[in-house]
Amino acid sequence: MLKKNITTLNEFEGAALLKQWGIPVIDGVLANHDQEATVAANRLGFPVALKICSGEVPHKTERGGVVLNIQDA
């Protein structure tokens with residue numbers, strides 16, 4: 001699963017690895033644009049959280065990359 005010399009995983013990659021190891025994680029969806037995020041939120045059920053997913057942004061909250069308690073699309 002891990003590529004050689006990887007030092008940082010984004011949240012989605014980390015969750016996938018934990019699942020492979022049998023560790024339970026909360027369901028999530030990686031959306032590449034707003035329409036995918038809307039479909040995912042409707043499927044998962046509200047409220048949802050929206051987070052940036054990038055190995056280059058390890059501290060999402062410091063960059064304003066987290067929105068919590070979204071109640072509808």
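The values are calculated or read from the model by the stated rules, or taken from the named source; none is laboratory data. Not measured: the values here are computed from a predicted model. Neighbour counts are summed over all protein chains in view; Cβ atoms, including those assigned to glycine, are modelled from backbone coordinates with ideal geometry.
So which of 9, 2 is modelled with pLDDT under 95 and surrounded by 10 or more Cβ atoms within 10 Å (Cβ to Cβ)?
It is 9.
Taken over the stretch 1-49, residues that are touching a residue at least 12 places away in the same chain (Cβ under 8 Å) and assigned to a helix (DSSP H, G or I) amount to 13.
Across the stretch 29-60, the number of residues qualifying as out of contact with any helix residue (DSSP H, G or I) (no Cβ under 6 Å at 6 or more places or on another chain) and either among the basic types (Lys, Arg) or surrounded by 11 or more Cβ atoms within 10 Å (Cβ to Cβ) (or both) comes to 19. Every residue in the stretch 50-69 that is touching a strand residue (DSSP E or B) at 6+ places or on another chain (Cβ under 7 Å) and assigned to a strand (DSSP E or B), please. Result: 50, 51, 66, 67, 68.
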